[in-house]
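The values are calculated or read from the model by the stated rules, or taken from the named source; none is laboratory data. Remember, it's a predicted structure, so these values are computed and weren't measured experimentally. No Cβ is skipped: glycine too gets one built from the backbone with ideal geometry, and neighbour counts run over all protein chains shown.
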């Protein structure tokens, strides 16, 4: 049987490239909240045709990073504290599930990796390095996600986390005093004991407290 023509594959790859580039630019605020996204400008900036760019924008809209009104605008979605209220509980539940599944599978090397990433996270917080702090935090939690052996958890989180990373970046100055370093230590301690339930509870508390803090920061700015 002849293989299908490769044009759809090429277009998919270009669309994925546009998606990744635009998502990163939105997360780090290179593309600011509310900024209009015009096809001719994006074609020039990305060096891609309109079709993969429009496909990427459609995916970003599904992710909550872009919003549009027919025949009016396509723009970067504004920062919304409802993401903290609505998305963080879902993220907390998924990470807790990863912990429940992953703790029995953890190796000594995994525990050392969690310790190393929390040390890295603490240094980044002290240096007020937002990029490094977010990267270290992600690397800390991905140990349990990988150990869970459930790719569906990672897939759903990949769609949700960019919205939360935007909030963390925007409110980073208000998050410097948060208890995540010590909360990570509680996760590590429970993991070393191979106590899956306690680890899940510690992970859930870590994410829920962050969401509550970000939501409160937005409320303070609005008052």
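Of all residues in segment 184-223, those that are closer than 23 Å to residue 119 by Cα and outside any helix (DSSP H, G or I) total 3. Restricting attention to segment 17-72, which residues are closer than 21 Å to residue 131 by Cα, in a loop (DSSP other than H, G, I, E, B) and either more than 23 Å from the chain's Cα centre (by Cα) or free of Cβ contacts under 8 Å to residues at least 24 places away in the same chain (or both)? Passing the criteria: only 30. The residues of segment 203-221 that are surrounded by fewer than 16 Cβ atoms within 10 Å (Cβ to Cβ) and either in contact with a strand residue (DSSP E or B) (Cβ under 9 Å, 6 or more places away or on another chain) or in contact (Cβ under 8 Å) with a residue 24 or more places away in the chain (or both), listed by number, are 212, 219. Inside segment 69-86, residues that are at pLDDT 90 or above and surrounded by 15 or more Cβ atoms within 10 Å (Cβ to Cβ) make up a count of 4.
Looking at the structure I just gave you, is residue 159 within 13 Å of the chain's Cα centre (by Cα) and crowded, with 19+ Cβ neighbours inside 10 Å? It is false that residue 159 is within 13 Å of the chain's Cα centre (by Cα) and crowded, with 19+ Cβ neighbours inside 10 Å. Of the residues making up segment 73-83, those that are touching a residue at least 40 places away in the same chain (Cβ under 8 Å) and more than 14 Å from residue 31 (Cβ to Cβ) are 81, 83. Is it the case that residue 91 is assigned by TED's automatic domain parsing to the domain that holds residue 185, under 21 Å from residue 62 (Cα atoms), buried (at least 19 other Cβ atoms within 10 Å of the Cβ) and in contact (Cβ under 8 Å) with a residue 40 or more places away in the chain? Considered against the rule, which asks whether it is assigned by TED's automatic domain parsing to the domain that holds residue 185, under 21 Å from residue 62 (Cα atoms), buried (at least 19 other Cβ atoms within 10 Å of the Cβ) and in contact (Cβ under 8 Å) with a residue 40 or more places away in the chain, residue 91 comes out as yes.
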